[in-house]
Structures are given as structure tokens and as C-alpha cells.
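To keep things clear, I will list the structure first and then write my remarks on it.
The values are calculated or read from the model by the stated rules, or taken from the named source; none is laboratory data. Quick caveat: nothing in here was measured; it's all calculated off a predicted structure. Because the Cβ atoms are built from the backbone with ideal geometry, glycine has one as well, and the counts that use them run over all protein chains shown.
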Amino acid sequence: MTILIEQPALELQVEGNNVHAEETNELVLEGGFPLPKDGYMAPEINSFGHSFREYDAESERQKGVEEFYRLQHINQTYDFVKRMREEYGKLDKAEMGIWECCELLNELVDESDPDLDEPQIQHLLQSAETIRKDYPNEDWLHLTALIHDLGKILALPSFGELPQWAVVGDTFPLGCAFDESNVHHKYFKDNPDYKCPAYSTKNGIYTEGCGLDNIVMSWGHDDYMYMVAKANGTTLPSAGLFIIRYHSFYPLHKEGAYTHFMNEEDVENLKWLKIFNKYDLYSKSKVLVDVEKVKPYYVSLIEKYFPAKVRW
Ligand SMILES: [Fe+2]
Ligand SMILES: [Fe+2]
């Protein structure tokens with residue numbers, strides 16, 4: 001199965017279905033969300049010379065990515081996620097500021113990501129700086145971009161050194177049927193939940209419109225960072241928290257699966273997530289951001305939206 005983003009040759013093309021040209025020739029996201037006219041130009045290929053999120057391309061790295069998803073799909077079960085949420089909900093692993101965490105993450109490279117081999121801090125700053133250019137007044141969005149991947153510290157020894165399949169990769173709900181739009185769906189058949197009757201229907205243990213907040217998602221850096229931000233009393237708006245929590249939920253925001261669980265607030269927040277995703281995906285590049293130069297701006301945002309010391 002190939003999850004191939006249509007070649008982003010068109011300026012501002014996000015996902016084929018979600019962008020349409022108005023008569024004015026202005027691109028508008030579904031739901032009337034305008035994209036800035038002179039906005040960000042998405043590149044056509046990633047730093048390895050492939051289309052973005054091209055999971056079937058012949059390469060060493062692709063084989064690694066497929067093996068990664070095999071392990072992820074077998075091991076992420078409802079019970080596993082419950083255990084992880086309980087363990088990491090204690091927030092007893094460390095106490096440090098948000099910027100300190102950005103620096104800590106710098107050693108990590110994400111194996112599940114076919115597009116990127118730069119240090120994580122560059123990915124954080126590249127997404128934040130690119131989105132800042134197009135949405136200069138939405139400072140919460142700049143900070144959201146900066147911190148959206150901080151949960152990847154789960155892979156570091158002092159945070160439990162979780163295997164990559166419990167840290168990164170696309171996320172999906174547990175407790176209901178695995179939608180076919182999940183990348184490498186075939187490997188779910190070896191997941192113990194696959195054979196559990198209660199989890200095998202479209203709604204599973206949930207009800208339609210129950211709200212994503214009530215859905216148990218596969219465990220990884222998204223949910224962990226959401227937990228951390230929320231428990232430490234961040235003042236980021238609901239859309240920022242939604243982006244952090246669901247940015248790897250590609251079956252929802254790219255494929256439109258699982259939307260029957262959304263409530264009205266989710267529908268509103270999803271518009272921002274779709275905007276954010278373009279920057280998360282396409283701003284990965286070899287052009288490095290000067291960390292020291294932009295640091296004062298981001299430190300000021302951290303002070304605005306987070307306490308000085310955060311429990312992790
Ligand atoms: Fe991420
Ligand atoms: Fe990211």
C-alpha cells in the first residue's frame with residue numbers, strides 16, 4: 001500500500017480533496033479556511049529525493065519503515081496504551097523547561113519518517129519558522145509547531161527508552177476496527193485486538209460523535225506531549241492541543257477515516273490541524289535554521305504559554 005502525497009507541485013496544495021480554487025483564484029480550505037496568498041511553497045521531493053511519505057519506494061530506508069509499521073501494528077493494543085497512559089500520566093520522569101527539552105531532543109532521528117534525517121531541533125524550528133511567515137499573528141501556532149514533536153523524548157534512556165514503534169509513526173484508534181486507510185494495514189491481523197469481537201466493529205467500544213477526546217489512540221509522542229502540556233496547565237488554545245495530540249493521525253486528517261467519532265469542537269480544530277500538517281510535512285529541508293538567532297522569540301512564547309519548569 002502506498003501513501004503517496006500527490007506531488008505538491010502546485011503552490012499551497014495540501015491534500016487534493018481539501019483544497020479547491022474559488023472563482024477569485026484564491027485557494028481556500030474546506031470549511032472556508034483561507035490559506036495565505038503568498039504562502040509557503042512546498043518542495044516536490046524530500047531530502048532523499050523521493051516524494052513525501054512515499055512508503056513503497058525501493059530503498060533501504062523504506063524497508064526499515066515497513067518493518068517499523070509491522071512491529072507497531074502488532075504491538076499497539078488497547079491494554080498496552082492503557083498501561084502507557086497510566087505510567088506516563090505520573091509525570092515523574094523529569095522536570096525541565098520546554099526549551100531545555102528542545103535541546104535534549106536534538107540527538108534523536110525518527111526512523112519511521114521517510115523524509116527526514118536532520119536533527120529534530122531543525123525539524124521543530126523549520127516547521128515553526130515556516131508557519132510563522134504565513135501566520136504571523138498566530139503566535140500559539142508558532143509555539144505549537146515548535147513543541148509538537150517533543151514527546152519523542154520517550155525514546156531516550158531517562159524517559160523509558162521506549163522502542164520506536166511506541167514513540168513515532170502514524171497513530172490510530174484502539175478499541176474499534178482498524179480502518180483500511182492505515183498505512184501497511186495488513187500487519188494488523190497479527191494484533192491481538194484484531195480478533196477481539198468488542199474491538200472489531202466500526203464503532204467498537206465507542207459511540208458515533210463521542211468526540212476524539214474519548215478515543216484511546218495508539219501510544220506515542222503525540223499523546224504523551226498532549227498529556228504533558230495539559231497536566232502542566234498550558235494556556236495554549238484547544239486547537240494547539242489538538243494539533244499536538246493528533247498530528248500523526250494521518251488516517252483522520254489525510255484519509256478522512258474515523259471522522260464519525262468527531263464532535264463539533266473536533267471539526268473546528270481539524271481545520272487547523274490540516275493547515276499545520278502541510279508545514280510539518282513539507283518544511284523538512286536541508287536549509288538549516290540558525291538556532292541562536294530565533295531562540296529569544298521562542299523562549300518568549302514558552303514563557304507566555306508554559307510554566308518555567310514542566311513536569312515530564
Ligand atoms: Fe510528530
Ligand atoms: Fe513533526
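Please enumerate the residues belonging to the range 132-178 that are aliphatic (A, V, I, L, M), part of a helix (DSSP H, G or I) and either within 14 Å of ligand 1 (Cβ to nearest atom) or closer than 20 Å to LEU71 by Cα (or both).
ALA145, LEU146, ILE147, LEU150, ILE153, LEU154, ALA155, ALA166
Being surrounded by fewer than 21 Cβ atoms within 10 Å (Cβ to Cβ) and without any contact (Cβ under 8 Å) to a residue 40 or more places away in the chain is true of THR259.
Checking each residue in the range 286-312 for being among the β-branched types (Val, Ile, Thr) and out of contact with any helix residue (DSSP H, G or I) (no Cβ under 7 Å at 6 or more places or on another chain) picks out only VAL287. Pairing residues of the range 154-173 that are within 15 Å of LEU104 (Cβ to Cβ) with residues that are within 12 Å of ligand 1 (Cβ to nearest atom) and among the basic types (Lys, Arg), at Cβ distances under 6 Å and at least 6 apart in sequence or on separate chains, gives VAL167/LYS152. Of all positions in the range 102-118, none carries a residue that is away from ligand 1 (no atom under 16 Å from the Cβ), under 23 Å from HIS253 (Cα atoms) and surrounded by 19 or more Cβ atoms within 10 Å (Cβ to Cβ). Each residue in the range 235-245 was checked for being surrounded by fewer than 24 Cβ atoms within 10 Å (Cβ to Cβ) and closer than 21 Å to GLU87 by Cα, and 1 of them qualify.
The residues of the range 272-312 that are within 16 Å of ligand 2 (Cβ to nearest atom) and of a type in the set (Val, Ile, Thr), listed by number, are ILE275, VAL289. The criterion of being surrounded by 17 or more Cβ atoms within 10 Å (Cβ to Cβ), at pLDDT below 95 and within 15 Å of ligand 1 (Cβ to nearest atom) holds for ILE121.
Selection of the range 179-188 for residues being more than 12 Å from GLN76 (Cα to Cα) and away from ligand 1 (no atom under 16 Å from the Cβ) yields ASP179, GLU180, SER181, ASN182, HIS184, HIS185, LYS186. Can you list the helices (runs of 4 or more DSSP H) found entirely within the range 213-312 that contain at least 3 residues being within 14 Å of ligand 1 (Cβ to nearest atom), under 25 Å from TRP165 (Cβ atoms) and modelled with pLDDT of 95 or more? Those helices (runs of 4 or more DSSP H) span 221-231, 238-246, 264-282.
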